[in-house]
Amino acid sequence: MDKPKVVLGVSGGIAAYKACELLRRLTESGHDVRVVPTASALHFVGAATWSALSGNPVSTEVWDDVHEVPHVRIGQHADLVVVAPATADILAKAAHGLADDLLTNTLLTARCPVVFAPAMHTEMWEHPATQENVATLRRHGAIVIEPAVGRLTGVDTGKGRLPDPTEIYAICRRVLSRGITEPDLKGRHVVVSAGGTREPLDPVRFLGNRSSGKQGYALARTAAARGARVTLIAANTGLPDPAGVDVVQVGTAVQLREAVLKAAPDADAVVMAAAVADFRPQTYAAGKIKKKDGQDPEPIVLVRNPDILAEISAERARPGQVIVGFAAETDDVLANGRTKLERKGCDLLVVNEVGERKTFGSEENEAVVLGADGTETPVSHGPKEHLAETVWDLVAERLG
Ligand SMILES: Cc1cc2nc3c(=O)[nH]c(=O)nc-3n(C[C@H](O)[C@H](O)[C@H](O)COP(=O)(O)O)c2cc1C
């Protein structure tokens, strides 16, 4: 059997050296890799390295070996194109169909899956122009991996780091083995809740929780990357809206319930990643509660909040709708998770262990996804996007 043909596009970012590791993994696992660097990429790693490691010729321009028409052939014959690192510049060019070197021509002629692994400074990544370009590429069917958070060039840290080559390699393998030519959630509408509800006591105080919303945002971003129309119901996150996602802001559990019930009738899947308060203060003081000299404070009487997950699981808004819950547990994690899954009646429950320094606010997560059909899918420690991808894999399986 012919080896799968992979084009490794390398653009001019400081992380170009990490693409050598990706190249090595691809060639050692039996892929025929043709490296197509941009001229800028060669400032970071020379053509000799790419050629020696891949065993294939390397050019950046359309003018080499013209008799073989490489500007068309390379893309046409590829089973996968992966661009790592993808600069802000290459994302812009690819989004707008520019074709001024061999890599951009290849991106226009490829009909196989295309994966971009962006890497750049946080400011460049967050710039609306880059975000628009990412949304355009995703709309065109490309898979754009979210950059990792961490040390960037120089002393800076933030979002924009190239994901670990092993992670990019795993995504390439998954895309190749599934032969995804269409994003698998295309045509689906998914609703994701994120963040933590706040239950007001008075105009300045509330009962809340430590949920940052990052896991829910990772779910929203990855679903959008896989082609879904996404409604993200965000409770008190303060995070920037993900590209290409409809965001509904809510504050309390009651507001979150209203927003979920409004969006759910049209949804193929509802993923309840938000931490919803079980209780709220019975009364709301219109003015700030004052301490009174010599008097103990009034006790706070709590009443139950609606159980949104149980409600939408019991009364499915659509037949075949897949409902996913999250359980944050501090002990007896799996046993408590299984009980919760049965009590709530959802299809999947993501169970993770939380604590003051665990999960909440962190960029990483580790969990087990329990299925109502008895399945258990462990997800090892890694970026929240990893867990999100696994959740969507399981949802997509159930949607059929
Ligand atoms: C030291 C250095 C590091 C750079 N790192 C990045 C980077 O990580 N991401 C990025 O988008 N641009 C980076 N740039 C800017 C790009 O090299 C520049 O936009 C170039 O035009 C990209 O060309 P290309 O997309 O054709 O490879 C860097 C430039 C220099 C000089």
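The values are calculated or read from the model by the stated rules, or taken from the named source; none is laboratory data. Here the structure is a predicted model, which means the values were calculated and not measured. We place every Cβ from the backbone using ideal geometry, glycine too, and count neighbours over all the protein chains shown.
Against the condition assigned by TED's automatic domain parsing to the domain that holds G30, closer than 19 Å to P165 by Cβ, within 26 Å of the chain's Cα centre (by Cα) and not acidic (D, E), how does M124 come out, does it pass?
In short, no.
Of V72, V35, V58, V66, which residue is out of contact with any Gly (no Cβ under 7 Å at 6 or more places or on another chain) and either exposed (fewer than 13 other Cβ atoms within 10 Å of the Cβ) or not assigned by TED's automatic domain parsing to the domain that holds A15 (or both)?
Sole residue among the options that is out of contact with any Gly (no Cβ under 7 Å at 6 or more places or on another chain) and either exposed (fewer than 13 other Cβ atoms within 10 Å of the Cβ) or not assigned by TED's automatic domain parsing to the domain that holds A15 (or both): V66.
Restricting attention to region 130-139, does a residue exist that is buried (at least 22 other Cβ atoms within 10 Å of the Cβ), assigned to a helix (DSSP H, G or I) and within 14 Å of the chain's Cα centre (by Cα)?
yes
Keeping to region 75-101, report how many residues are farther than 24 Å from D2 by Cα and in a helix (DSSP H, G or I).
Within region 75-101, residues that are farther than 24 Å from D2 by Cα and in a helix (DSSP H, G or I) number 9.
Being assigned to a helix (DSSP H, G or I), closer than 21 Å to T109 by Cβ and basic (K, R), is that true of even one residue in region 19-37?
no
Would a scan of region 40-51 turn up a residue that is more than 15 Å from the ligand (Cβ to nearest atom), without any contact (Cβ under 8 Å) to a residue 12 or more places away in the chain and either out of contact with any His (no Cβ under 8 Å at 6 or more places or on another chain) or aliphatic (A, V, I, L, M) (or both)?
yes
Could you check region 308-400 for strands (runs of 3 or more DSSP E) lying wholly inside it with 3 or more residues that are under 17 Å from V191 (Cα atoms) and either touching a residue at least 40 places away in the same chain (Cβ under 8 Å) or assigned by TED's automatic domain parsing to the domain that holds G158 (or both)?
Hits in region 308-400: 322-329.
Being within 11 Å of the ligand (Cβ to nearest atom), within 27 Å of G213 (Cα to Cα), out of contact with any Leu (no Cβ under 6 Å at 6 or more places or on another chain) and charged (D, E, K, R) narrows it down to one of E167, E146, E123, so name that one.
Answer to the check: E123.
Could you list all residues from region 83-100 that are more than 20 Å from I168 (Cα to Cα), within 21 Å of the chain's Cα centre (by Cα) and more than 9 Å from the ligand (Cβ to nearest atom)?
The one that is more than 20 Å from I168 (Cα to Cα), within 21 Å of the chain's Cα centre (by Cα) and more than 9 Å from the ligand (Cβ to nearest atom): A95.
How about region 29-39: which of its residues are within 16 Å of A84 (Cβ to Cβ) and within 16 Å of the ligand (Cβ to nearest atom)?
Matches in region 29-39: V35, V36, P37, T38.
Buried (at least 23 other Cβ atoms within 10 Å of the Cβ), within 16 Å of the ligand (Cβ to nearest atom) and more than 23 Å from T109 (Cα to Cα): is that true of G13 in this structure?
Yes, satisfied.
So in region 213-268, with the set limited to residues that are of a type outside the set (V, I, T) and in contact with a Gly (Cβ under 6 Å, 6 or more places away or on another chain), which one is nearest to E132 (Cα to Cα)?
Across region 213-268, the extreme among qualifying residues is A224.
Report yes if some residue within region 338-358 is buried (at least 16 other Cβ atoms within 10 Å of the Cβ) and of a type in the set (D, E); otherwise report no.
Checked against the condition, which is being buried (at least 16 other Cβ atoms within 10 Å of the Cβ) and of a type in the set (D, E), region 338-358 yields at least one hit.
Does region 147-160 include one or more residues that are buried (at least 20 other Cβ atoms within 10 Å of the Cβ), assigned by TED's automatic domain parsing to the domain that holds P70, without any contact (Cβ under 8 Å) to a residue 40 or more places away in the chain and within 30 Å of K3 (Cβ to Cβ)?
Yes: one or more hits.
Which pairs have Cβ atoms under 8 Å, sit 6 or more apart or on different chains, and link a residue in region 280-294 that is under 7 Å from D202 (Cα atoms) and not assigned by TED's automatic domain parsing to the domain that holds V254 to one that is of a type outside the set (G, A, S) and at pLDDT 90 or above?
The qualifying pairs do not exist here.
For region 53-67, check the following and say yes or no: at least one residue is at pLDDT 95 or above, farther than 19 Å from A142 by Cα and not in a loop (DSSP other than H, G, I, E, B).
Among the residues of region 53-67, at least one is at pLDDT 95 or above, farther than 19 Å from A142 by Cα and not in a loop (DSSP other than H, G, I, E, B), which makes the answer yes.
Inside region 111-120, can you point out the residues that are away from the ligand (no atom under 12 Å from the Cβ) and farther than 21 Å from W50 by Cα?
R111, C112, P113 - these are the residues of region 111-120 that are away from the ligand (no atom under 12 Å from the Cβ) and farther than 21 Å from W50 by Cα.
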